[in-house]
Amino acid sequence: MSAGSAIVPASREHWFATTHWSVVLAASDPRSTRSAEALENLCRNYWFPLYAYVRRRGYNAEDAQDLTQEFFARFLEKNGVSHARRERGRFRSFLLTSLQNFLGHEWESARAQKRGGGQRPVVWDEQFAERCYALETASRLSPDKVFEQRWALALFQQALAQLRKEFIEAGKGGHFTELKAFLTEAAEEGDYADVAARLNMTAGTVSVAVHRMRQRYRQLVREEIAHTVPTAADVDDELRYLIGLLST
């Protein structure tokens, strides 16, 4: 990839070929060779929004971690994902409703287990989880809104991580580091010239590279959203909703 070249975008069909919905459905089939990978992806991508929701419901850190782990384990063990239907709505709503049902009906037995005695589908840094959750303590958001805001942040972060990965794989990790600030902030006078000097480029080339980087990031965000909604027609509405969540 040259300094200002665009990264080849994935087709719209590809957006809906390997999605979080298909990950969930694959995880529900014990015969599927994708089950283990599906479980890992599910837990890795969504553990913190769910954990933050449980904490906001009033559980302490230890119980929240156990309950979140137990939710994933029981959800899959009892084939809860077999009830998932992509056409019924957004993936985040399905997952949150499943967690709410779990807390309403199974929390006593989950809490009764010894810490670490149940299945732990994903390992996370417990101190990191609490540092992240500490950012929520000053707000008065409801548990549902905390979940949704953290979902939105996780989605945008996943798109950013994929963008970084693409730059690194193209041998342009340094370009990503220098240019990423311009994804969300407008350049001030002289900014492009400063970056150009560090990257041995012209200011005009930097401007083109930023433009294409923004385009690719927007596309990655849309692809990530497409993984979580029933149809391509829902992407724009979901994007506006997520942006609105982070603007409040």
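The values are calculated or read from the model by the stated rules, or taken from the named source; none is laboratory data. On a predicted model such as this, the values are computed, not experimentally measured, just so you know. Neighbour counts are summed over all protein chains in view; Cβ atoms, including those assigned to glycine, are modelled from backbone coordinates with ideal geometry. Each accessible area value is taken on the protein alone, full model and side chains, heavy atoms only, with ligands, DNA and RNA left out. Shrake-Rupley method; radii C 1.70, N 1.55, O 1.52, S 1.80 Å.
May I ask you to say which residue of F156, F167, F176, F182 is within 27 Å of L99 (Cα to Cα), among the aromatic types (F, W, Y) and out of contact with any strand residue (DSSP E or B) (no Cβ under 9 Å at 6 or more places or on another chain)?
Numbers: F167 fails: within 27 Å of L99 (Cα to Cα); F176 fails: within 27 Å of L99 (Cα to Cα); F182 fails: within 27 Å of L99 (Cα to Cα).
Of F156, F167, F176, F182, the one residue that is within 27 Å of L99 (Cα to Cα), among the aromatic types (F, W, Y) and out of contact with any strand residue (DSSP E or B) (no Cβ under 9 Å at 6 or more places or on another chain) is F156.
Determine whether L199 is of a type outside the set (V, I, T), out of contact with any strand residue (DSSP E or B) (no Cβ under 7 Å at 6 or more places or on another chain) and within 27 Å of F48 (Cα to Cα). Can you show your working first?
Details: of a type outside the set (V, I, T): yes; out of contact with any strand residue (DSSP E or B) (no Cβ under 7 Å at 6 or more places or on another chain): yes; within 27 Å of F48 (Cα to Cα): no.
For L199, the condition - of a type outside the set (V, I, T), out of contact with any strand residue (DSSP E or B) (no Cβ under 7 Å at 6 or more places or on another chain) and within 27 Å of F48 (Cα to Cα) - is not met.
Answer with yes or no whether E178 is out of contact with any Phe, Trp or Tyr (no Cβ under 7 Å at 6 or more places or on another chain), farther than 22 Å from A154 by Cα and modelled with pLDDT under 95.
Numbers: out of contact with any Phe, Trp or Tyr (no Cβ under 7 Å at 6 or more places or on another chain): yes; farther than 22 Å from A154 by Cα: yes; modelled with pLDDT under 95: no.
It is false that E178 is out of contact with any Phe, Trp or Tyr (no Cβ under 7 Å at 6 or more places or on another chain), farther than 22 Å from A154 by Cα and modelled with pLDDT under 95.
Assess whether L99 counts as being at pLDDT 85 or above and farther than 27 Å from E238 by Cβ. Let's see the steps before the verdict.
Values: at pLDDT 85 or above: yes; farther than 27 Å from E238 by Cβ: no.
In short, no.
List, please: which pairs have Cβ atoms under 7 Å, are six or more places apart or on different chains, and start with a residue in the stretch 214-225 that is in contact (Cβ under 8 Å) with a residue 40 or more places away in the chain and end with one that is open to solvent by 20 Å² or more (accessible area, probe 1.4 Å) and not in a helix (DSSP H, G or I)?
Hits for this filter: Q215/A6; R216/A6; R216/I7; Q219/P9; E223/A10.
Go through the stretch 138-156 and report how many residues are modelled with pLDDT of 65 or more and loosely packed, with under 12 Cβ neighbours inside 10 Å. Steps first, please.
Of all residues in the stretch 138-156, those modelled with pLDDT of 65 or more come to 139-156.
Then drop every residue that is not loosely packed, with under 12 Cβ neighbours inside 10 Å, which leaves 140.
Residues in the stretch 138-156 being modelled with pLDDT of 65 or more and loosely packed, with under 12 Cβ neighbours inside 10 Å: 1 in total.
Among the residues of the stretch 47-66, count how many are closer than 19 Å to L155 by Cα and either in contact with a Cys (Cβ under 7 Å, 6 or more places away or on another chain) or open to solvent by 10 Å² or more (accessible area, probe 1.4 Å) (or both).
2
Any idea how many residues of the stretch 191-248 are within 21 Å of K145 (Cα to Cα), open to solvent by less than 40 Å² (accessible area, probe 1.4 Å) and among the polar types (S, T, N, Q)?
Adding up the residues that qualify gives 1.
Can you tell which of M201, M213 is out of contact with any Phe, Trp or Tyr (no Cβ under 6 Å at 6 or more places or on another chain) and in a loop (DSSP other than H, G, I, E, B)?
On the way: M213 fails: in a loop (DSSP other than H, G, I, E, B).
One residue alone meets the criteria, M201.
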